[in-house]
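All of the numbers you see were taken from the coordinates with simple rules; none came from a lab. None of these values were measured; they are calculated from a predicted model. All Cβ positions, even for glycine, are placed from backbone atoms using ideal geometry, and neighbour counts span all protein chains on display.
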Amino acid sequence: MAVAAPPVLLRPLPPPKSAVVPMPPAVLPAAGLAGVAGALVLPVDRPGVGWLLSGLAVAAAVFLADRRSRAAGEPGPFTWRSAGWAVLALALLAVGAVRASGWLFVLCVLAAVVTGSLAVVGERTVNSVLYDMLALPVEAFRAIPWVGRGAGRFTARRDGVARRIALAVLAAAAIVGVFVPLLASADAAFAAVVDALIPELGVATLVRWCTVFAAVTLVVAGACYFLAAPPQRASADRPHRSRYGLEWTVPLTVLVLVFSVFVGVRLVVLFGGTEYVLRTSGLTAAQYARGGFWQLCAVTVLTLAIVAAALRWAPDATRADRLRQRVLLGTLSALTLVLVGSALSRMGTYQQAYGFTVLRLLVEVCELWFGAVFVCVLASLVKLRSAWLPRAAIGTAAAALFVLAVLDPERLIADANLDRAAAGKTLDDHYLAGFSADVVPVVSARLPEPLRTCVLRQVLRNDTPDGWPAWNLSRSAARDVTLGPVAGCG
């Protein structure tokens, strides 16, 4: 006799957070005002001071909206760490007001998104580090239905607040639309100010304004959406691990021995063995450096991954486990720092022989960052607490990028290549001409005519006037440089 199977009870899925958490009234006006500010001042096609102003508008909108949304006396989520991340994000956006290099500013904007996300997230969450890094763009998309429901409730309020705000905005727009053109036609100086502040309207301008308005509004709304119901915070305490001690000890010991032998060989080369190595290998110094740099970079990356895995999964239940972890990982990190120094030395030799480029400079900065991360690893071994390491690595990377921007990388590269040329080596003027206005002072001061004018004309060939939101120090200073005759340019 067949027995009927018991019915399967399906647990209903929980409703999305956007349906459970109501949108505070302060979010919509704060996000809208930040969106308007971004649409008016953000120069999407070039670095400029408007990027910093837009970042300040976003930061102020998020802070004020969250503060207005909390009950009196309720503590906010922002700490001094959040302030530090926010200041770093704004500093990266401020690079656009000083440096004209496009590739540099793209990296700064990406880093500002990451540091801005960490400023909103605050303490570590139970989610992955990748989520914490990208919380702003992720929550911006997830906040769309939340904003839609909140806007519907806002416009449906019986007291007519939405209608009054709309009428006020329309009345102000009508006054500006009538009086500004009349006053501009009455005075040429006022007309010049209006032309500088208000760009010529067209389909492309309106599309750009709408796109930037939507993006900035959603970023602010996403940050407020996250703060309205943040995910659970990660616990600082982790259970001790007791398994796989042998499986971790043997490979780490072998790796330490291999690194020790390599470092020993490098010390022999350092103290007088270089000529022997070059003679027996049949290579020049530049070829020798070129052949080993990328391998050392790969070794550094792989070692960092192994150290991170060991900190995460290697046993630490007993005092012997912790001592073994400190000795092996500490020795491995110290030896890796020697490898980082060796890689940097090889890259220096390689660049002296073949020239300085953006890619080679970025790789050097990456190697220096690896060294900083291994120093942080050594610091974490004191108490065997590594939960802070991922954010320390992100912070040092963003700080290294900001320091690179302060040092003006294109100027450094141009100066180094001109020093090589002064020493009798070949100068790639075509590569130099592909840089931004950041190199104009160096080229103007150090290149002889007619090569100076030829390079400067190529650097400034696509230069167009900036509106005030796109004002940039390098481009503004470059326009004051006097060019010579065109004759002699190839």
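Descriptive notes on the structure:
- Amide H contacts under 5 Å for residue 317, placed H, 5+ residues apart: 241
- Proximal charge balance of residue 299 [Cβ under 15 Å; K/R count +1, D/E count -1]: +1
- Arranged from fewest to most other beta-carbon atoms within 10 Å of their beta carbon, 474, 82, 54 become 82, 474, 54.
- Residues whose placed amide H lies under 5 Å from that of residue 125, excluding near-sequence neighbours: 234
- Counting charges near residue 395 (Lys, Arg +1; Asp, Glu -1) among other residues having Cβ under 13 Å from its Cβ returns a value of +1.
- The ranking of 425, 383 by Cβ neighbour count inside 10 Å, starting from the fewest, reads 383, 425.
- Cα pair distances of segment 411-478 binned at 5 Å [whole percent]: 3, 17, 29, 24, 13, 8, 4, 2, 0
- Comparing 384, 395, 424 along the charge dipole axis of segment 383-437, the residue lying farthest to the positive side is 384, per the Cβ-charge model.
- The residue 214 and residue 249 beta-carbon pair, evaluated with R₀ = 45 Å, returns a calculated FRET efficiency of approximately 0.25.
- Under conditions of 4 °C and 1.567 mPa s, segment 400-439 yields 120 µm² s⁻¹ as its translational diffusion coefficient, taking Rh as the Kirkwood radius over Cα pairs in the Stokes-Einstein equation.
- For segment 22-107, a simple Cβ point-charge model (Lys and Arg +1, Asp and Glu -1, everything else neutral) yields a dipole of about 100 debye relative to the Cα centre.
- Packing, taken as the mean count of other beta carbons within 10 Å per residue, orders the peptides 251-259, 185-193 from highest to lowest as 251-259, 185-193.
- Förster radius 51 Å - calculated FRET efficiency between residue 172 and residue 483 (Cβ-Cβ, nearest 0.05): 0.65
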